[in-house]
Amino acid sequence: MKLTVFGATGGIGQEIVRQALTAGHQVTAVVRDPARLSVQGERLEVFRADLTDPEGLRAAVAGRDAVLSGLGARAVKDAKTGIAARLTRPVLQAMEAEGVRRLLVVSAAPLAPSPDGDPLLDRTMHRVISRVLKAVYDDLRVMEGELARSATDWTSVRPPKLNDKALTGTYRLQIGGNPRSSRQIGRADVAHAMLAMVDDPGTVKQGVGVAY
C-alpha cells in the first residue's frame, strides 16, 4: 500500500513508519524537520511541509491508500493551544480535496466511556487523569468532532498510558469503547494496531480502544 504518515517524528509516528516499511509498504513521512526522523528505507519519501497549509499538504496525500496520524500535544501547554485539532484540520482538508478517504489518528482512552464492570480503582484513575489532563482531552474531543464532520473513513485509536516497550503484537481492542482495565500500552503496539486496522472495515467511523 501507499501510506502517508503525519507526526512521523513522534514516538508512535516513527514506529508507524518503521513497521510500514518493514511490511513492504511505500511510505511518505510528512515532517517539519527531517533531521528528527531517524527511520530510513528505500520505499520512504520524506515530505517537508508546513502542517497548517492544506494546499501544501495535498501532494503528500494524493494517490495514497491511507493516511495515518500521530499528531497531538506533547505537553499540556501545547494542548491548550488546540494543537491536535488545529493540525488535523488541514490534513482533512487536503484529503478531501484529493479524494483520499482512509484516515487513522491517535486519540486517547479517556474519550471513551468506561467499560461495564471496570474495577473501582480503574474508574477512579480515569476520573483523576481526565481532570489533570483536561486540556489534552478537550483538544482531542475537538479533533474527533472534526473527524465526525469530515468526508473521510476515519478511525480514532484510543490508547491509555503510553510506554516504550518493544513491539509485542499482543494487545486487546474494543470498538466503540475501551478494553476492561485499560492501563497502558507500548507506542510500538499502538502503531502495529493502527496498521492492522487500515483495511478493517469494522473500524471505520469508530473510536477503538487499544491496551494490553
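The values are calculated or read from the model by the stated rules, or taken from the named source; none is laboratory data. Remember, predicted model here, so these are calculated numbers, not experimental data. Cβ atoms come from the backbone with ideal geometry, glycine included; neighbour counts cover every protein chain shown. For the accessible areas, the whole protein counts, side chains as well, though only heavy atoms, and no ligand, DNA or RNA atoms are used. Shrake-Rupley method; radii C 1.70, N 1.55, O 1.52, S 1.80 Å.
Data table
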{"read-out": "Helix-only CD estimate at 222 nm, as mean residue ellipticity for the chain, using -39500 (n - 2.57) per DSSP H run (n ≥ 4)", "value": "-11500 deg cm²/dmol"}
{"read-out": "GluC sites (Glu not before Pro) within segment 1-94, DSSP loop, no more than 12 other Cβ atoms inside 10 Å", "value": "Glu42"}
{"read-out": "Within the accessible area of the chain (1.4 Å probe), percent carbon and sulfur", "value": "50 percent"}
{"read-out": "Cα gyration tensor shape of segment 1-126, rounded if a/c is under 1.5, else prolate or oblate by comparing a/b with b/c", "value": "prolate"}
{"read-out": "Solvent-accessible area per residue for segment 5-46 (1.4 angstrom probe, square angstrom)", "value": "46 Å²"}
{"read-out": "Under the Debye formula (equal points on every Cα, no solvent term), log10 I(q)/I(0) of the chain at q = 0.15 Å⁻¹", "value": "-0.90"}
{"read-out": "Residue pairs, from the table Lys77/Lys161; Lys80/Lys161; Lys134/Lys205; Lys161/Lys205; Lys2/Lys77, whose Cα atoms sit over 26 Å apart", "value": "Lys2/Lys77"}
{"read-out": "For segment 129-212: accessible area per residue (Å², 1.4 Å)", "value": "47 Å²"}
{"read-out": "Ellipsoid equivalent to segment 82-152 - semi-axes via the Cα gyration tensor, in Å", "value": "30, 14, 7"}
